[in-house]
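The numbers here are math on the coordinates, done by the rules we state, and not lab data. It should be emphasised that the depicted structure is a prediction, and the values quoted were computed from it without experimental measurement. Please note: Cβ atoms are built from the backbone with ideal geometry, for glycine as well, and neighbour counts cover all protein chains shown.
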Amino acid sequence: MGTATEHGKFGVLVRTAVVLAVIGLLCSGVLLVFGAGPWTVGVSMMLGAPILGLAILLYLVVVIRDLRDQGIL
Amino acid sequence: MHSRILRRFTFWGVAGFASSAAAVEGQQPGLAGVDLIRTAAIAAVVLGVLILILTEFVVKSRISRTAYHWLVLFGLCVLPATALVGATVTMLEETKTVDSCAACHVMDPFVYDLQHEDSETLAARHYKNNWIPKNHCYSCHTTYGVHGAFEAKRDGFRHWLLYVTGTYEEPITYKGSFPNVSCLDCHDGTPKYDQVTSHVVLDRDLRSDRVSCSSCHGPAHPTPGERGIYEGELWEQLRNTENSVY
């Protein structure tokens, strides 16, 4: 079993998903920590949630394509 | 190999539990479910950011592919989902309070009037007599804002957009008509309500919103003209006087 870096095919996609998820997580943290107000709802729900959704979606794309490559799907 | 992955997971699991437990510990006893979910979500945010950054940018070349995949799965699916659920629950719960209505300053006149003991508006009467014990705005405006059906969500989003972009005009007005069902939810079927002749005669019109409850029982809030005294300089003066009730 090799190390993770050897599996570089989807590396860029995963890395993008990771960066998006970090941003999205930090955004949703704003509402969680400061409570609901016009700005916190904006940052967390209108900005954070779609970014997090995009990260999860990207990750799913990678997983599905990886499984296809391996002939499992 | 597997034991190493397992150890790693145990470590994160313990770290996650410890951080949420520590956060819970700092709160008052009798923690409500919402607070628990919120705390767990905060832990998920912290944990997620840590796991993702460490996995992708620090230890990636040193761990096995399997370990990497599990960590990424955890950081990209499980924790973000927890954070999203927590943020949504927190928002839905917190926006019920009068305080959160007051977070947008256009609501100031309504909130001040509600809590003003001399006010005789319908909302103030429900407040000072404790007819509605808490979440007053929400109780009468349940169909409003981020709660309720799709239409309400759309309205809530529209109001939010208007507010943060500052593209609304004062005095703000109610689009459409107030749904009587918000009042009937509490009053329908009570002897006091049923014994009033006007209610019986107008029953169908009231249920279909052709006649509004507030046409006889209004005003629910200060009129646009009256709202001015709750804003700006005059309001500041009122609030800063010695016997101010605010």
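Computed from the C-beta positions of B:Glu169 and B:Ser215, the FRET efficiency with R₀ = 25 Å rounds to 0.50. Mind checking the angle between helix A:11-34 and chain A's longest principal axis? C-alpha axes, 0 to 90 degrees, to the nearest 10. The angle comes out at about 20 degrees. Using 0.36 nm per residue and subtracting the Cα-Cα separation, the extra length available between B:Val181 and B:Trp70 on full extension is 34.9 nm.
Sequentially through the stretch B:186-200, phi angles give Karplus couplings (6.51, -1.76, 1.60; θ = phi - 60°) of 9, 9, 4, x, 6, x, 4, 6, 5, 7, 7, 4, 4, 5, 5 Hz, Gly and Pro residues having no value and appearing as x. The spacing between the stretch B:35-56 and the stretch B:176-219, judged by their C-alpha centroids, is 49 Å.
The phi torsions of the stretch A:57-71, fed into the Karplus equation with coefficients 6.51, -1.76 and 1.60 and a -60° offset, translate into couplings of 4, 4, 4, 4, 4, 4, 4, 5, 5, 5, 5, 4, 4, 7, x Hz, rounded to whole numbers, with Gly and Pro shown as x. Considering only B:Gln115, B:Tyr68, B:Tyr127, and ranking their Cα positions along the charge dipole of the stretch B:65-135 that arises from unit charges at the beta-carbon of Lys, Arg, Asp and Glu, the one farthest toward the positive end is B:Tyr68.
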